[in-house]
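K.L.:
Got a structure for you, written out below as structure tokens; questions coming shortly.
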Amino acid sequence: MSLNIADIIAHKKIGICITGSFCSYQKLYKVLKQLSEQEAELYPILSYHAASLDSRFGEHEQNKAEIEKLCQRPAITTIPDAEPFGPKLKMDAMVILPCTGNTLSKLSNAITDTPVLMAAKAHLRNNRPLILALASNDGLGLCMKNLGLLMNAKNIYFVPYGQDDYVSKPNSLVAHMELLPETIALAIQGKQLQPVIRSPF
């Protein structure tokens with residue numbers, strides 16, 4: 001496939017919705033740096049957990065500061081501040097990364113109780129692509145029905161994913177984060193990057 005990713009992404013407004021799969025943050029930082037170098041305009045939105053919880057992978061203030069540095073603008077951390085992404089602040093694309101099983105399940109059931117879910121709901125009003133980068137220990141468990149619903153939903157695309165540790169965590173699904181720029185570029189054109197399932201890691 002011949003695709004000039006940088007040309008497609010350059011100067012596009014991309015919402016970056018970040019949830020609480022903290023073990024994925026180092027990969028997240030790397031891909032945000034790549035998108036910034038490709039001159040995308042990045043708008044960070046943090047879930048309540050991403051904005052407030054410390055973990056063994058870092059303190060929330062440090063994570064927030066790094067995300068804001070890479071995106072070059074302050075993060076949205078409240079539902080009222082996320083709502084304008086639909087009617088006023090229109091994105092060319094929006095990404096939820098990492099997309100936890102919790103967020104996946106709420107999105108598939110139209111639950112809007114975090115800044116990330118509000119931003120996603122507002123963005124989908126504009127019939128523009130919402131890209132999901134999975135990070136769930138239950139992707140092949142109870143979350144799988146929600147995954148199936150969203151795989152068939154209009155304007156929703158997936159970063160290709162696979163089982164990251166099929167021996168120790170047989171239900172776990174994680175996106176190949178390095179494929180995010182290509183996934184965004186194709187989604188802007190209304191296409192899903194294939195194959196979607198690439199397993200194992």
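K.L.:
When the Cα atoms of the chain are enclosed in a convex hull and the volume is divided per residue, what value in Å³ results?
P.N.:
About 107 Å³ per residue, rounded to a whole number.
K.L.:
In nm², what is the average projected area of the convex hull enclosing the Cα atoms of the range 83-176?
P.N.:
5.5
K.L.:
Decide, for the range 125-201, between rounded, prolate and oblate: order the square roots of the alpha carbon gyration tensor eigenvalues as a ≥ b ≥ c, take rounded if a/c falls under 1.5, and otherwise choose prolate if a/b is larger than b/c, else oblate.
P.N.:
Taking the square roots of the gyration eigenvalues as a ≥ b ≥ c, the range 125-201 is oblate.
K.L.:
By how many nm would the segment from Tyr166 to Lys154 grow when fully extended, if each residue of separation counts as 0.36 nm and the alpha-carbon distance is taken off?
P.N.:
On the way: separation 12, 0.36 × 12 = 4.32 nm, distance 2.99 nm.
Length gained, Tyr166 through Lys154: 1.3 nm.
K.L.:
Looking at the calculated P(r) for the range 15-94, what percent of the C-alpha pair distances fall above 18 Å?
P.N.:
Summing the P(r) tail past 18 Å for the range 15-94 gives 37 percent.
K.L.:
Please tell me which of these pairs span more than 31 angstrom C-alpha to C-alpha: Lys33/Lys121; Lys69/Lys121; Lys30/Lys191; Lys69/Lys90; Lys69/Lys145? Mind dumping the intermediate values first?
P.N.:
Values: Lys33/Lys121 26 Å; Lys69/Lys121 26 Å; Lys30/Lys191 24 Å; Lys69/Lys90 22 Å; Lys69/Lys145 36 Å.
In this structure, Lys69/Lys145 exceed 31 Å between Cα atoms.
K.L.:
What whole number of Å gives the distance from the Cα centroid of the range 120-154 to the Cα centroid of the range 31-46?
P.N.:
21
K.L.:
Which order, highest average first, do 188-194, 71-77 follow once you tally other Cβ atoms within 10 Å for each residue and take the mean per peptide?
P.N.:
Descending packing order for the listed peptides: 71-77, 188-194.
K.L.:
One quarter of the convex hull surface, Cα atoms only: what value does that give for the range 1-56 in nm²?
P.N.:
On the way: hull surface 18.2 nm².
Approximately 4.6 nm², given one-decimal rounding.
K.L.:
Return the calculated 222 nm mean residue ellipticity for the chain, to the nearest 500 deg cm²/dmol, obtained by summing -39500 (n - 2.57) across DSSP H runs with n ≥ 4 and dividing by the residue count. List each step's numbers first, then the result.
P.N.:
Numbers: 9 runs with 74 residues, N = 201.
Rounded to the nearest 500, the figure is -10000 deg cm²/dmol.
K.L.:
If you don't mind, another one. Calculate the dipole size of the chain relative to its Cα centre from +1 charges on Lys and Arg beta carbons and -1 charges on Asp and Glu beta carbons; express the result in debye to the nearest 20.
P.N.:
In total the dipole reaches around 520 debye.
K.L.:
What percent does the relative contact order of the chain come to when contacts are Cα pairs within less than 8 Å and at least six residues apart? List each step's numbers first, then the result.
P.N.:
Values: 413 pairs, mean separation 41.5, N = 201.
This gives 21 percent for the chain.
K.L.:
I've got another one for you. Relative to a virtual label point 7 Å from the Cα of Gln194 in the Cα→beta-carbon direction, which members of the range 142-169 show backbone nitrogen distances below 16 Å?
P.N.:
152, 157-161
K.L.:
Turning to a different aspect of this structure: With only alpha-carbon pairs counted, each pair once and no self-pairs, how large is the Kirkwood hydrodynamic radius of the range 55-134 in angstroms?
P.N.:
Kirkwood radius, the range 55-134: 13.4 Å.
K.L.:
Further, regarding this structure: Farthest toward the dipole's positive end in the chain, which of Gly20, Gln192, Ile76, given Cβ charges of +1 (Lys, Arg) and -1 (Asp, Glu) about the Cα centre?
P.N.:
The residue sitting farthest along the positive end of the dipole is Gln192.
No lab work stands behind these numbers, since they all come straight from the coordinates. All values reported here derive from a predicted model rather than from experimental measurement. All Cβ positions, glycine included, derive from the backbone under ideal geometry; neighbour counts span all protein chains shown.
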